[in-house]
Amino acid sequence: MKIPSFESDYNNGAHPEVLRRLVETNPAQSASYGYDEWSESARTKMRQACECPEADIYMLAGGTQANATVIDALLRPYQAVVAAETAHINVHESGAVEAGGHKVIALPSHEGRMAADDLRRYLQRFFADPTWEHMAVPGMVYVTMPTELGTIYNKEELERIHDVCQEYEMPLYVDGARLAYGLMAEGCDFDLPWLAHHCEAFYIGGTKCGALCGEAVVFPKGAPKGFFTHVKAHGALLAKSRVAGVQFDALFTDGLYFRIGRHAIGMAMRLRDIFAKHGLELKPSPTNQQFVVLENEQMQQLMQHVLFETWEPIDDRHTLCRFVTSWATTENELNRLEEAL
């Protein structure tokens, strides 16, 4: 019998409705490089969902590719991007942003989140230094929603960060790799249109949210000049753009993207209840990523029955472990986890 896996939210294939649409459209020929009918339909639906009829939307293959391409496009060669120290671009993207010539400036992380006060203090100190022109100049701010630690921002937190960005004429970019799960999490007090109106760029994650692959980069007020060519120069332009277009067209038909988010959150809350029932310590997270402290012996035993990810050691006897739900998580998998515990 297959071992239940809670390792990640992209270790399954595609949501059945996405896969069905890929099969249905497969016999048809199409234009390429984003000009196919399904990509245009997907962009129309995403603009409607964001309530941004003038938005420019580009579909790229993956998250690291999207981050590196967008950040490079929004910055001048001498500028840097500001992020929380736990941010994906600072920790788990193999220096992709730095490889493009832009320093990542890391600020303190508050359960994965950046604080507007930290950002303002840093910028005030930076520009008060008479030698600031000798340094990599902060040119944009990067945040993730939800964060790498499974936490979410609320309206006030993002508004305050955006206010600082406006004050210093810096774009705010939101990494939405798990956006469906962040927006559907309990305690999230904003929706997709609100987010779209409070940042200069963000992406709607597909890879972790029901697609085989793909991220939809959204510029609510329009993309930087020459962005299409910039995407091409980064090797990120899909010739068979229909592969992403069909998937996002399906995800934004009849609210599928948000239904996927609600399902994963429901499974995550059930997962959380199971751990709490067994007296295990959990880190705060209302999203599809749940972090639990296991004794090392218990962890090794559980690994024989369930797949999950070890995150970091707590001490000599305990380890923080991550369990992730997705569109594909089933009640049966949760039941088998509980039996294993």
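None of the figures in this text is laboratory data; all of them are computed from the coordinates on show. Computed from a predicted structure; not experimentally measured. Here Cβ is always computed from backbone atoms with ideal geometry, including for glycine, and neighbour counts include all displayed protein chains.
Just a few scattered comments:
- Within the chain, the selection of entire DSSP H helices by a Cα span of 30 Å or greater along the long axis and an average Kyte-Doolittle value of at least -1.0 returns 256-277.
- Ranking of Arg20, Arg259, Arg76 by count of other Cβ atoms within 10 Å, fewest first: Arg76, Arg20, Arg259
- Ordering Phe126, Phe308, Phe6 from the fewest to the most neighbouring beta carbons within 10 Å gives Phe126, Phe308, Phe6.
- Spacing of the two label points (7 Å from each Cα toward its C-beta) at Asn26 and Asp117, in nm: 5.7
- Top of Ala106, Ala84, Ala55 by mean-square fluctuation, Gaussian network on the chain, Cα under 10 Å: Ala106
- Taking a sphere under 15 Å around the Cβ of Tyr181 and counting the other residues whose Cβ falls inside, with K and R at +1 and D and E at -1, yields a net charge of +1.
- Euclidean distance between Cα centres, the stretch 50-98 to the stretch 222-271, Å: 15
- Residue-count net charge about Arg242 - beta-carbon cut-off 11 Å; Lys, Arg +1, Asp, Glu -1: -2
- Summing charges over neighbours of Arg21, with a neighbour being any other residue whose Cβ is under 11 Å away from its Cβ, gives -1 when K and R count +1 and D and E count -1.
- Sites Glu169 and Glu312, calculated FRET efficiency, Cβ-Cβ separation with R0 51 Å, nearest 0.05: 0.85
- P(r) weight above 33 Å for the chain, C-alpha pairs, percent: 29
- For the residue pairs Lys2/Lys277; Lys45/Lys240; Lys45/Lys208, the C-alpha atoms sit more than 22 angstrom apart in Lys2/Lys277.
- Cα pair distances of the stretch 1-88 binned at 10 Å [whole percent]: 11, 27, 35, 20, 6, 0
- For the chain, share of DSSP beta bridges that run antiparallel, in % to the nearest 5: 60
- The stretch 128-159 residues near the modelled Arg262 label - backbone nitrogen below 20 Å, point 7 Å along Cα→Cβ: 146
- In straight-distance terms, cross-link reach from Lys232 covers every one of the aspartates and glutamates whose alpha-carbon lies under 14 Å from its own, apart from those fewer than eight places away in the same chain; here that gives Asp72.
- Ascending count of other beta-carbon atoms within 10 Å, so fewest first, for Thr44, Thr325: Thr44, Thr325
- Cys residues of the chain counted as unpaired, since no other Cys beta-carbon is under 4.7 Å: Cys165, Cys188, Cys199, Cys209, Cys213, Cys321
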